[in-house]
Structure formats: structure tokens, C-alpha cells
Amino acid sequence: ADAYPEHLGPETEDLVPYLTLDLSSKYRITRKLRFQWHVLALTNMVADGPPEKFYGDLPEAFFEYKKSTFKFRLGYNTVNWATVDIMSPSDVVNTSAVFHPLRSMKQGAPTVEVLYGPEAFNIDLVYIPWQRRPQLPSRNSRWLPRTVLRNTNTEIGRIRLPANPQYNYLSPEDLDHPLTDNYGGKLATHLGSVDLKITHFEGAAPSPKIR
């Protein structure tokens, strides 16, 4: 549960309890082939609706074939191109469920991934036929903007905003088919304490654009 010392208004709660199911395992089928899976389910018990009220995902369910410095992965997966915690500009492959800004969750997607090369220099190629939409928190989330400027003067007049704004989500729009046929690659080198990488990804943004 998350507890907050400051009350933000009638739409929000000061105590947010969660129930979470998080299961995972790995199986070695042969010396070169293994299977790995990860199931995640959670509920925000005070959320006023989807997707945070009842959320489920399959971050991993893939086969991996490994021979020397070559790896081939096929199945549901999340790709990690970042080297820092929380958020990185290079962590762009999978869409996210952003229910809490410090605990965003990558969403699994059917993925074909090829990795080749030693640690000193390697290449990572991915293809994702389709992805889930990024997920926003519930309408009564404390993490939606609650403290705003009020009675603000502008060139066209004074903007008067409510002290306790209420939110509602309209139907999402997908422009130019961003959730299908995503692909990208990463070149990386590790030289002692120095890490260098070049990444490119054509696909959906990890977080939705809000307007």
C-alpha cells in the first residue's frame, strides 16, 4: 500500500492498497534451449475503473536458443536497452503501464529478437508485430495533475480552473498504425568502465501523448 501525508481532494485517497500476483520461472530444455515465463496481475483497490482496477500482463513467455555469442528469442518478452534505473531515453521498445511514475511497468509483446557478439561489441535486433497501448492511471489517481495555477491572466482573458479537477478519458486514437510492425536495433560496446551504444526504434512511444 502507498500512504500519503497530504490530502489532495475528494477525488483521491490518502491510502492506496494494492493486491499483486507476480509469478515467474525458467526451464532448461536442452543445453542450448530454454523457456522463460513471467505473469503479472494487480488491482488498485480504490481505483474507480480500468485499467488500474484490474490489470494483467504477460511480460515474458519466450524460448531462447543460445550458441556461443549468438542468441535467438521468440515469444512474449520485454526488451531492456537502458542502463539506468526508473527511466532512460534509450528504453523505448515496450509500451508502459504508468500507474505510478516511479514504478512504471513494461508491457510484454510478441517479439523476435536476435543478439550477437561478445560483451566488448554486440548487436541486438528486434521485431514486434503488435503491441498493447500504453496505460494511464485511473481517473481518481493522485498522480494526475491536482495542483494547478488558478485565476491565470492570459492575452485572451482570465482562465478560471476548478480547485479540485475531475478527469475523464476519451477513446484513444492510434495515428499511422503505431502499434503494429515495430522494429529496431542496438549497437553497444563495453570498454572497461565506459559503455557506448547506438539505438534506433520505429514504433509506438512507451508513454501516450495526452492532449
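The values are calculated or read from the model by the stated rules, or taken from the named source; none is laboratory data. Model, not experiment: these values are computed from the prediction. Cβ: placed from backbone, ideal geometry, glycine included. Neighbour counts: every protein chain shown. Just so you know, the surface numbers come from the protein's heavy atoms only, side chains and all, with ligands and any DNA or RNA stripped out. Shrake-Rupley method; radii C 1.70, N 1.55, O 1.52, S 1.80 Å.
General observations
- Arg160 free of Cβ contacts under 8 Å to residues at least 24 places away in the same chain and basic (Lys, Arg): yes
- Residue within the range 146-165 that is modelled with pLDDT of 80 or more and part of a strand (DSSP E or B) present: no
- Annotation note: Cβ proximity below 6 Å between a residue of the range 168-190 that is touching a residue at least 24 places away in the same chain (Cβ under 8 Å) and at positive phi and a residue that is charged (D, E, K, R) and part of a loop (DSSP other than H, G, I, E, B) (sequence gap 6+ or interchain) occurs for no pair.
- Criterion (of a type in the set (Ser, Thr, Tyr) and free of Cβ contacts under 8 Å to residues at least 60 places away in the same chain) met by exactly one of Tyr18, Tyr55: Tyr18
- Residue in the range 166-197 that is nearest to Glu11 (Cα to Cα), counting only those that are part of a loop (DSSP other than H, G, I, E, B) and open to solvent by less than 90 Å² (accessible area, probe 1.4 Å): Tyr167
- The number of residues in the range 55-84 that are more than 26 Å from Ala41 (Cα to Cα) and assigned to a strand (DSSP E or B) comes to 6.
- In the range 130-145, the residues that are open to solvent by less than 50 Å² (accessible area, probe 1.4 Å) and not in a loop (DSSP other than H, G, I, E, B): Gln135
- Among the residues of the range 106-120, the one identified as among the hydrophobic types (A, V, I, L, M, F, W, C) and modelled with pLDDT under 90 is Ala120.
- Count of residues meeting criterion [among the polar types (S, T, N, Q), open to solvent by less than 70 Å² (accessible area, probe 1.4 Å), under 13 Å from the mean Cα position of the chain (by Cα) and modelled with pLDDT of 70 or more] in the range 69-100: 5
- Looking only at the range 1-57, and only at residues there that are open to solvent by 50 Å² or more (accessible area, probe 1.4 Å) and of a type in the set (Asp, Glu), the one that is farthest from Tyr169 (Cα to Cα): Asp22
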